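Visitor: Handing you a structure now.
Derivation of every value follows stated rules applied to the coordinates shown; laboratory data play no part. Given the structure is predicted, the values throughout are model-derived calculations rather than measurements. All Cβ positions, even for glycine, are placed from backbone atoms using ideal geometry, and neighbour counts span all protein chains on display.
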């Protein structure tokens, strides 16, 4: 009887570990499912559209943005939307920049054709596109770390496009137009930029 009792005491911790591990796994799986459901509900919401754009700084310096468009109000002639974008571009021999921005836009529809006016603010971080050197304490020139520079980025854009949802069950739009933005703290001034935008939005619902 004593041997059976000792064996039971040895097996009991293993049973407890297996039980608690299963409970923790079930909770993690349930939480993960809830998060996926929340994300899925957001992506498939009728007011949400995903965005993809070519972002050409000074037209020819290639870049890209991805983002989300949320329709605040909409009727046959007018749509007010809120956009959030993450992107960047590469200016050869000059700089590489990444940015995040948020804007409010007003879209005027005439049938499937539309004009879109947007204004917003953003944050940009730029890095020199090359090696940086600095003078060391002993007077020798050495390589410096390229930490980049922060910039405030107010912006505005004017886009023309085609809304396929106006003539059927399609859920995409295409647009093209210029975006103007300012880069703060560049030699103590706001440096103006212009970029060419060409892209689309798509709704899963």
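Visitor: Stretched out fully, how many nm does the piece from residue 64 to residue 133 gain, at 0.36 nm a residue minus the Cα gap? Can you show the working numbers first?
Guide: Working: separation 69, 0.36 × 69 = 24.84 nm, distance 2.95 nm.
Extra length available between residue 64 and residue 133 comes to 21.9 nm.
Visitor: Sorted by average packing, counted as other Cβ atoms within 10 angstrom per residue and highest first, what order do 177-188, 69-80 take?
Guide: Taking the mean over residues of other Cβ atoms within 10 Å, the ranking is 177-188, 69-80.
Visitor: What's the FRET efficiency of residue 140 with residue 93 using the Cβ-Cβ distance as r and R₀ = 25 Å, to the nearest 0.05?
Guide: The computed FRET efficiency comes out at 0.45.
Visitor: Ranked highest first by average number of other Cβ atoms within 10 Å, how do 43-49, 193-199 line up?
Guide: Ranked by mean Cβ neighbours within 10 Å, highest first: 193-199, 43-49.
Visitor: Taking N as the number of residues in region 46-202, what is its Cα Rg relative to 2.2 N^0.38 Å?
Guide: 1.25
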